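For reference, the structure discussed in these notes is given below.
Only the coordinates and a few stated rules stand behind these numbers; no lab work does. Since we're looking at a predicted model, the values are computed, not measured. With ideal geometry, Cβ positions are generated from the backbone for all residues, glycine too; neighbour counts draw on all protein chains shown.
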């Protein structure tokens with residue numbers, strides 16, 4: 001009997017009366033809606049056909065064993081739906097898959113479908129909108145091949161108990177972040193036309209008791225502790241309209257009753273009553289102790305229904321699946337399962353089917369071009385988010401990019417572990433080392449890459465010889481803290497000892513905890529998975545100098561704050577924890593005149609090895625109240641300049657000692673650095689402000705004066721001019737051409753001469769020459785505009801634009817703030833023999849013409865001492881700052 005909306009109606013019988021016969025078709029159809037099975041094969045097998053036709057199974061889960069390519073998969077799902085319709089199903093089959101992306105990607109491998117970043121990579125972006133976009137794109141590709149349900153996202157919160165069980169499948173260890181990203185991912189799936197199942201409620205973690213027995217973390221923890229951690233993401237998901245939830249196997253802890261009491265408590269008391277969830281619950285019966293320890297699938301299936309599970313996954317062989325279903329029939333006959341439980345659970349299944357599924361879509365002829373078209377559309381999205389997730393945890397010796405530390409003729413050794421491929425190869429195809437992509441990507445940036453895998457045997461004599469010949473080493477780990485891969489940690493230690501003073505870059509290509517607390521490895525990068533795009537992005541960071549905006553989504557064990565001798569608690573800034581709060585603080589303090597978004601602020605603050613920042617937060621609410629930003633920059637071979645680049649306090653909490661506490665801690669930190677010669681109020685590179693803005697309130701100026709800064713009358717200017725209708729004034733370029741002076745973008749053949757020119761004439765300008773050197777690392781040599789004669793280069797200027805890769809575009813944020821098509825001009829200098837002859841003016845004009853050619857509509861000039869030269873070309877003042885320095889006491 002079925003209602004008009006497709007749900008099965010409950011006949012008028014006593015809820016305690018057992019169903020009398022096995023051939024009661026109504027009962028069989030109801031039970032079938034509660035069952036999800038898997039099968040082996042690329043096409044419909046007799047066994048799976050029997051499950052649908054005889055046992056009315058209403059849900060199928062697909063694995064890699066069912067997938068060859070998109071065309072085959074679409075054909076398979078449509079044939080399954082045809083069988084279901086022929087049997088008389090009111091609604092199509094639920095066809096589900098575990099497509100979490102990242103390290104658990106059943107379909108997406110870059111060839112059959114797009115390889116999307118996984119949960120922890122999304123957590124590292126700190127962007128819920130990007131989690132939504134990835135989920136929506138994932139859903140579209142799955143729907144294109146007939147899949148309508150995804151067992152994702154994972155809402156586990158990483159902790160000491162489950163870090164190896166869940167790992168990078170989770171978004172991170174912050175419950176609020178996990179909840180926010182999880183809800184965004186679920187909503188993205190829904191927007192793409194697909195149902196979702198969050199997992200694993202309430203947590204995958206387990207605790208070992210003193211007697212050696214194991215208990216679920218949920219039962220072992222206090223309720224208040226759960227409310228602050230594991231339950232937070234699930235509560236958010238329930239509030240957002242959760243489709244379905246999968247229970248963790250931890251709820252089935254072996255006990256006298258087989259785990260029934262614990263499971264009932266989790267489902268009824270916590271999930272239903274405490275969280276208010278009334279939707280579909282799912283469990284894997286083949287992961288219950290009744291089956292894993294006693295091979296009794298019937299007992300497991302019946303127990304799952306009795307404790308309140310609505311849908312049962314039954315994996316394994318067809319015989320196992322039949323035994324489970326027959327056991328359910330028998331339990332209904334003998335009254336061990338009452339009918340009301342069956343009607344309630346099957347009704348929840350049908351309600352979701354009614355929302356998401358219809359026969360028109362399920363039986364539509366597959367479009368073989370749909371998935372390839374989507375893959376082409378989604379490729380740039382996936383790459384963008386991989387780039388946003390790559391994280392430089394630390395770079396204490398400023399080794400990144402390596403191209404700035406070694407010559408192109410020097411060898412770089414890549415050492416990688418032997419791991420299983422991320423995706424299965426087609427039959428007959430040889431296996432491929434996942435890190436082969438990494439080696440090739442590095443080789444595109446540096447010609448002398450030598451790739452040598454290492455095994456459980458660690459470092460051999462061959463490895464030792466390669467390390468000795470290398471000028472730098474890149475060492476990769478994958479899940480090194482697991483028992484069967486712990487040899488990687490020993491190998492890492494051996495490599496470190498052999499490297500001596502050679503640059504050593506370490507990359508955790510999956511689990512960020514691998515070398516997280518071992519500061520012996522001073523340069524440490526995380527990618528959260530070893531997919532091809534993730535590794536290619538890491539190569540661009542390590543060799544090419546690409547900014548890595550990712551934020552570590554887990555805490556560094558043992559990180560502690562610094563208690564100072566003031567009333568406020570000053571802590572070291574952590575990007576993962578403080579970036580977005582810092583962006584909010586900036587907006588509150590400076591955002592009206594100098595608007596900066598979180599991404600731009602991240603590029604300025606996240607400078608491992610060059611920066612250290614400090615924060616003060618509210619003791620109760622943890623709201624960020626103050627921020628001090630400091631940088632160190634090399635001034636000479638053994639000399640450093642320290643910059644107090646920013647000091648802001650929330651307006652509501654000024655005049656309470658926060659600024660003084662931050663100021664004193666920041667200066668103490670800078671002053672104690674070996675080789676520190678002078679301190680600057682402002683910063684050189686990266687550039688927030690080159691000095692103290694002159695239009696600050698008088699009380700702010702006097703505040704710095706009282707802190708020992710001498711406010712002189714030397715000023716620095718930033719200038720700006722619209723150039724879309726600009727033309728070169730007469731009488732500038734003509735006379736220079738007559739003198740034999742030409743202008744143009746630097747090419748590869750001129751680059752070494754340019755560096756010689758800059759070293760000879762401007763090596764005393766802090767950070768100046770390094771910016772020219774960095775152009776080679778990003779393949780942006782043409783961003784140097786040169787003036788030259790038959791005798792060689794006589795002047796140069798540095799141009800940049802918002803779409804450029806060179807470091808200057810990330811070091812000076814204001815052109816991007818002014819507008820999308822605003823370019824920049826910096827580091828302009830003329831050789832001594834040509835000064836005063838108009839060469840500098842000509843360089844400026846040539847640079848503006850080049851920016852116009854690149855589509856720029858305005859030009860920004862930073863840090864100029866005199867305005868006169870630029871004023872005659874039409875530039876106007878954009879910013880004015882006091883240049884303030886002090887010696888280190």
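Just to check, using Stokes-Einstein with a Kirkwood Rh over alpha carbon pairs, what's the diffusion coefficient of the range 718-887 at 25 °C and 0.890 mPa s in µm²/s? Walk me through the numbers on the way to the answer.
Values: Rh = 16.3 Å.
The calculation lands on 151 µm²/s.
So, in nm, how far is label residue 369 from label residue 501 when the simple model puts each one 7 Å beyond its Cα toward the Cβ?
6.3 nm
At R0 = 51 Å, how high is the FRET efficiency between residue 555 and residue 714 if r is their beta carbon distance? Nearest 0.05 is fine. Write down the numbers at each step before the final one.
On the way: r = 44 Å, r/R0 = 0.86.
Using R0 = 51 Å, I get an efficiency of 0.70.
Round to the nearest 10 and give me the degree value, 0 to 90, for the angle of helix 370-389's Cα axis relative to the longest principal axis of the chain.
On a 0 to 90 degree scale, this one is about 60.
Assuming 0.36 nm per residue, please report the length gained on full extension of the stretch residue 111 to residue 653 beyond their Cα-Cα distance. Numbers along the way, then the final one.
Working: separation 542, 0.36 × 542 = 195.12 nm, distance 5.49 nm.
Answer, rounded to one decimal: 189.6 nm.
Between the alpha-carbon centers of the range 697-719 and the range 272-326, tell me the distance in whole angstrom.
71 Å
Can you tell me the order of 267-276, 89-98 when each peptide is scored by its average per-residue count of other Cβ atoms within 10 angstrom, highest first? Walk me through the numbers on the way to the answer.
Details: 267-276: 15.8, 89-98: 22.7.
Ranking the peptides 267-276, 89-98 by packing returns 89-98, 267-276.
Would you mind calculating the gained length between residue 409 and residue 742 on full extension (0.36 nm times residue separation, minus the Cα-Cα distance), in nm to one decimal?
Details: separation 333, 0.36 × 333 = 119.88 nm, distance 3.21 nm.
Gain on extension, residue 409 to residue 742, equals 116.7 nm.
What angle do you read, to the nearest 10 degrees and between 0 and 90, between the alpha-carbon axis of helix 70-87 and the longest principal axis of the chain?
30 degrees
Assuming 0.36 nm per residue, please report the length gained on full extension of the stretch residue 759 to residue 835 beyond their Cα-Cα distance.
Numbers: separation 76, 0.36 × 76 = 27.36 nm, distance 1.73 nm.
Value of the extension gain: 25.6 nm.
Output the Kirkwood hydrodynamic radius of the range 106-147, Cα pairs only, in Å rounded to one decimal.
Details: mean 1/r = 0.0924 Å⁻¹.
Mean inverse Cα-Cα distance, inverted, gives 10.8 Å.
How many angstrom lie between the Cα centre of the range 121-144 and the Cα centre of the range 786-814?
If we compute the Cα centre of each part, the gap is 37 Å.
If the viscosity is 1.002 mPa s and the temperature 20 °C, what Stokes-Einstein diffusion coefficient in µm²/s follows for the chain when Rh is the Kirkwood radius over Cα pairs? The partial results should precede the final answer.
On the way: Rh = 30.7 Å.
Stokes-Einstein gives a translational diffusion coefficient of 70 µm²/s.
Relative to the longest principal axis of the C-alpha atoms of the chain, give the angle of the C-alpha long axis of helix 436-445, reported between 0 and 90° and rounded to the nearest 10°.
On a 0 to 90 degree scale, this one is about 20.
Rank-order 379-391, 828-840 by packing density, defined as the average count of other C-beta atoms within 10 Å over each peptide's residues, highest first.
Numbers: 379-391: 21.2, 828-840: 16.1.
Order by mean packing, descending: 379-391, 828-840.
According to a simple spin-label model (label point 7 Å from Cα along Cα-to-Cβ), what is the distance in nm between residue 63 and residue 590?
Calculated label separation equals 5.5 nm.
Using the C-alpha atoms of the range 242-371, what convex hull volume per residue, in cubic angstrom, is computed?
In the range 242-371, the Cα hull volume divided by residue count equals 152 Å³.
Sorting 310, 862, 278 on the 10 Å Cβ count, fewest up front, what's the list?
So the ranking, lowest neighbour count to highest, is 278, 862, 310.
To the nearest 0.05, how large is the calculated FRET efficiency for residue 791 and residue 770 if R₀ is 25 Å and r is the Cβ-Cβ distance? Can you show the working numbers first?
Details: r = 26 Å, r/R0 = 1.04.
Approximately 0.45, to the nearest 0.05.
Just to be sure I understand the model, the point goes 7 Å from the Cα along the line to the Cβ. What's the resulting residue 639 to residue 351 distance in nm?
Going by the 7 Å Cα→Cβ label model, 7.4 nm.
May I ask for the equivalent-ellipsoid semi-axes of the range 390-542, computed as the square root of five times each C-alpha gyration tensor eigenvalue and listed largest first in whole Å? Present the calculation step by step, with values, prior to reporting the outcome.
Numbers: eigenvalues 93, 64, 52 Å².
Ellipsoid half-lengths, sorted descending, are 22, 18, 16 Å.
How big is the Kirkwood radius of the range 570-688, worked out from every pair of different alpha carbons and given in Å to one decimal?
Numbers: mean 1/r = 0.0687 Å⁻¹.
This gives a value of 14.6 Å.
Which stretch or stretches of the range 707-743 have amide N atoms under 17 Å from the point lying 7 Å from residue 803's Cα along the Cα→Cβ direction?
Within reach of a label on residue 803, which here means backbone N under 17 Å from a point 7 Å along Cα→Cβ, the range 707-743 contributes 724.
Hey, could you get me the Stokes-Einstein D for the range 650-784, Kirkwood radius over alpha-carbon pairs, 10 °C and 1.306 mPa s, rounded to whole µm² s⁻¹? All intermediate terms of the calculation are to be shown ahead of the outcome.
Working: Rh = 19.8 Å.
The diffusion coefficient I find is 80 µm²/s.
Which order, highest average first, do 151-158, 302-309 follow once you tally other Cβ atoms within 10 Å for each residue and take the mean per peptide?
On the way: 151-158: 27.8, 302-309: 23.2.
Packing proxy ranking, top to bottom: 151-158, 302-309.
Along the Cα-to-Cβ line of residue 319, 7 Å from the Cα, sits a label point; which residues in the range 280-307 have backbone N less than 11 Å from it?
Counting backbone N atoms under 11 Å from the label point, the list is empty.
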